[in-house]
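The values are calculated or read from the model by the stated rules, or taken from the named source; none is laboratory data. Remember, predicted model here, so these are calculated numbers, not experimental data. Glycine gets a Cβ as well: all are built from the backbone with ideal geometry, and neighbour counts include every protein chain shown.
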């Protein structure tokens with residue numbers, strides 16, 4: 001249940017970030033998923049803030065999520081430097097946090113001046129055409145998490161409406177830019193639908209068969225709460241899901257989080273190149 005204390009927490013976090021940022025003006029936030037810490041793009045004038053120092057930020061408890069906010073600038077030939085914030089690690093419903101806490105950092109960064117969010121996530125593939133190491137540029141989602149981050153008390157301070165239309169939540173122009181950047185970086189990529197589950201257990205083979213019938217392309221345990229809040233508060237949003245494994249029942253190999261992190265380290269360099277191709281276009 002959201003309340004006035006929650007809004008104060010959002011404002012305190014935003015004020016702290018603004019004060020630490022100083023002359024840095026982040027306009028884009030990149031949220032790095034599991035195993036992708038090495039995908040941090042090359043920034044200048046960087047400042048690093050531990051999540052534990054930011055008022056109201058939850059603690060990242062999952063292996064592969066560093067728990068740091070990096071502020072900096074990406075130098076561009078046209079348009080001047082781009083202010084960037086990078087969340088090295090995110091928060092998940094399965095860690096025991098309420099949706100309001102999971103999405104508090106995004107609300108705070110919006111108040112701190114961010115206008116665009118690039119969400120990344122490690123996902124399982126539901127399609128044989130999407131292999132480990134490929135990228136799925138998200139164009140929609142199916143929410144099976146059983147919860148919505150907008151549930152609770154609503155005032156105009158949360159956003160203009162409690163009932164945002166999620167059509168176009170995955171910005172079409174940004175998707176086009178991302179697919180072109182993937183081609184330039186020789187990253188196999190296609191658009192697809194994200195199926196969100198609460199976790200932390202991996203999905204059953206029967207669930208995976210059902211998700212395919214419903215039109216899902218990839219499955220994961222994050223992303224959708226941030227997408228919903230991003231739409232409510234007016235952030236442009238790009239979702240980049242990297243395939244870490246084939247979903248349950250699609251191969252004989254048991255699913256293993258350690259292998260997800262190991263593959264993330266291998267593809268992080270290529271994803272860093274993708275970010276560097278994206279930033280001049282944002």
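Annotation: of all residues in the stretch 151-173 being at pLDDT 95 or above and surrounded by 18 or more Cβ atoms within 10 Å (Cβ to Cβ), the one that is farthest from residue 100 (Cα to Cα) is 171. The condition of being more than 23 Å from residue 140 (Cα to Cα), modelled with pLDDT of 75 or more and in contact with a strand residue (DSSP E or B) (Cβ under 8 Å, 6 or more places away or on another chain) holds for only one of 276, 259, that being 276.
Residue count for the stretch 117-136 satisfying the condition of being under 17 Å from residue 251 (Cβ atoms) and either assigned to a strand (DSSP E or B) or in contact with a helix residue (DSSP H, G or I) (Cβ under 8 Å, 6 or more places away or on another chain) (or both): 8.
Are any residues in the stretch 139-160 farther than 19 Å from residue 202 by Cβ, touching a helix residue (DSSP H, G or I) at 6+ places or on another chain (Cβ under 8 Å) and assigned to a strand (DSSP E or B), and if so, which ones? Residue satisfying the conditions is 139 alone.
Counting the residues of the stretch 68-100 that are surrounded by fewer than 19 Cβ atoms within 10 Å (Cβ to Cβ) and part of a helix (DSSP H, G or I) gives 2.
Which residue, of 178, 210, is surrounded by fewer than 17 Cβ atoms within 10 Å (Cβ to Cβ) and modelled with pLDDT of 85 or more? Testing whether each residue is surrounded by fewer than 17 Cβ atoms within 10 Å (Cβ to Cβ) and modelled with pLDDT of 85 or more leaves just 210.
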